[in-house]
Amino acid sequence: MLWIKSFHVFFVVTWFAGLFYLPRLFVYHALTDDNTGSERFKVMQRKLYYGIMTPSAVLALALGSWLWLGYGFSGNWLHAKLLLTLVLIAYHIWCGKILLDFKLDRNKKTHTWYRWFNEFPVLILLSVVILVVVKPF
Ligand code: HEM
């Protein structure tokens with residue numbers, strides 16, 4: 001089980017690398033008004049989302065589910081964690097829609113909006129780590 005948990009935590013970390021970096025790219029892309037820069041951001045965003053973020057999410061969730069269902073973990077902490085994980089999956093999918101908006105040059109949101117959007121995963125990560133390590137309820 002410890003090997004599964006090790007890789008679960010590893011892919012959670014690589015997933016969050018994308019969840020923190022992709023919205024930061026959206027901030028700078030929203031500030032960009034030259035075409036060369038915009039095309040460069042599109043490539044970086046696509047490679048990050050499909051090459052790192054999404055495979056990491058799938059593996060983190062699969063290994064977490066293996067721990068949960070394979071080793072009989074239960075408790076309100078896990079229910080709260082699963083709820084926050086659903087919110088995180090929705091945020092991930094929203095990033096995919098924003099990526100498409102930038103790809104099709106139809107982004108309307110400002111860099112300030114993306115700076116606030118960028119902070120949201122921090123709150124989820126802190127809450128989930130406290131839930132799974134402390135198990136407060
Ligand atoms: C389908 C979603 C997920 C499921 C079913 C799941 C399930 C689990 C289970 C059963 C454990 C073992 C707990 C223990 O040994 O006490 C665990 C460990 C852990 N999970 Fe998840 N997890 C999921 C998603 C996540 C997410 C999204 C994060 C981060 C935001 C996360 C972070 C962690 C951490 C840091 C540990 C190690 C805790 C420790 O060693 O004490 N997990 N997970």
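The values are calculated or read from the model by the stated rules, or taken from the named source; none is laboratory data. Since this is a predicted model, take the numbers as computed values, not measurements. Methodologically, a virtual Cβ is constructed for each residue, glycine included, from the backbone with ideal geometry; neighbour enumeration extends over all protein chains shown. The protein model used for the area step is the full one, side chains on, heavy atoms only, and it has no ligands, DNA or RNA in it. Shrake-Rupley method; radii C 1.70, N 1.55, O 1.52, S 1.80 Å.
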- Message: Against the definition (more than 22 Å from Ile124 (Cβ to Cβ), open to solvent by 20 Å² or more (accessible area, probe 1.4 Å) and within 16 Å of the ligand (Cβ to nearest atom)), how does Gly75 come out, yes or no?
- Response: no
- Task: Among the residues of the range 83-137, write down those that are out of contact with any Lys or Arg (no Cβ under 9 Å at 6 or more places or on another chain), open to solvent by less than 60 Å² (accessible area, probe 1.4 Å) and within 9 Å of the ligand (Cβ to nearest atom).
- Result: Leu84, Thr85, Leu88, Ile89, Pro121, Ile124, Leu125
- Item | Extreme residue, nearest to the ligand (Cβ to nearest atom), among residues of the range 53-72 that are of a type in the set (Ser, Thr, Tyr) and under 13 Å from the mean Cα position of the chain (by Cα) | Ser56
- Out of Tyr28, Tyr50, report the one residue that is under 14 Å from the mean Cα position of the chain (by Cα), open to solvent by 20 Å² or more (accessible area, probe 1.4 Å) and away from the ligand (no atom under 16 Å from the Cβ). Tyr50
- Considering only the range 78-119, state which residues are in contact with a helix residue (DSSP H, G or I) (Cβ under 7 Å, 6 or more places away or on another chain) and over 22 Å from Leu59 (Cβ atoms). Ala80, Ile98, Phe102, Lys103, Asn107, Lys109, Thr110, His111, Tyr114, Arg115, Phe117, Asn118
- Condition check for Phe11: in a helix (DSSP H, G or I) and more than 14 Å from the chain's Cα centre (by Cα): no
- What are the residues in the range 31-46 that are farther than 20 Å from Pro121 by Cβ, open to solvent by 70 Å² or more (accessible area, probe 1.4 Å) and part of a helix (DSSP H, G or I), if any? Leu31, Asn35, Thr36, Glu39, Arg40
- Query: In this structure, does Leu63 turn out to be surrounded by 12 or more Cβ atoms within 10 Å (Cβ to Cβ) and among the aliphatic types (A, V, I, L, M)?
  - Reply: yes
